[in-house]
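The values are calculated or read from the model by the stated rules, or taken from the named source; none is laboratory data. Since the model is a prediction, treat every value here as computed from it, not as a measurement. Because the Cβ atoms are built from the backbone with ideal geometry, glycine has one as well, and the counts that use them run over all protein chains shown. Only protein heavy atoms, including side chains, enter the accessible area calculation; ligands, DNA and RNA are left aside. Shrake-Rupley method; radii C 1.70, N 1.55, O 1.52, S 1.80 Å.
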Amino acid sequence: FVVGALVAQKLGLGLGLLRKPGKLPYKTVREEYSLEYGMDALEMHVDTVRPGQTALIIDDLLATGGTVNAVAKLVRRIGGEVAGCGFIIELDFLKGRSRLHGHEVFSLVHYDSETM
């Protein structure tokens with residue numbers, strides 16, 4: 001949340017937070033996604049993005065891409081469009097970028113399997 005808040009403030013944009021199910025106080029939409037070891041889910045408020053509005057997805061880590069792919073699906077489900085995805089760290093050897101279906105992706109730090 002801290003990284004997203006700082007980016008939103010710097011760019012003069014709004015901030016929408018996603019949480020594990022049951023943590024948000026208003027009406028939500030939910031997306032389940034698979035992990036290497038099972039399933040998980042995220043929720044966001046139904047009014048986080050207005051129809052036709054664009055959203056920039058910010059997260060600390062891009063690993064397999066499952067979480068950010070679920071976020072992109074939620075944004076599209078409520079009528080928004082994904083402008084791009086930004087990360088602090090990307091684990092290149094897990095190829096998570098390939099699951100983002102053509103979204104522009106920016107990462108500050110890249111790790112391959114030899115640097116881990």
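Quick look at the values:
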{"item": "Selected from Gly66, Gly84, Gly38 as most flexible by GNM, with the chain as the system and alpha-carbon contacts under 10 Å", "result": "Gly38"}
{"item": "Helix axis angle, 66-77 relative to the chain longest principal axis, alpha carbon, degrees", "result": "30"}
{"item": "Partners for Lys27 among lysines (Cα-Cα distance below 23 Å; same-chain residues under 8 apart left out)", "result": "Lys73"}
{"item": "For the range 1-25 and the range 26-61, distance of Cα centres in Å", "result": "11"}
{"item": "Nearest-ten-degree value, helix 2-11 long axis tilted from longest Cα axis of the chain", "result": "70"}
{"item": "Paired Rg and Dmax values of the chain, which use every Cα atom, in angstrom", "result": "14.1, 44"}
{"item": "Proximal aspartates and glutamates to Lys23, defined as alpha-carbon separation beneath 13 angstrom and excluding residues fewer than eight positions away on the same chain", "result": "Glu43"}
{"item": "Accessible-area order (highest first, 1.4 angstrom probe) of the listed residues Leu35, Leu62", "result": "Leu35, Leu62"}
{"item": "Segments 14-26, 86-98 sorted - mean Cβ within 10 Å per residue, highest first", "result": "86-98, 14-26"}
{"item": "DSSP beta bridges in the chain [antiparallel fraction, %, rounded to 5]", "result": "40"}
{"item": "Computed label-point distance, nm, for sites Val3 and Tyr26 using a 7 Å Cα→Cβ extension", "result": "2.5"}
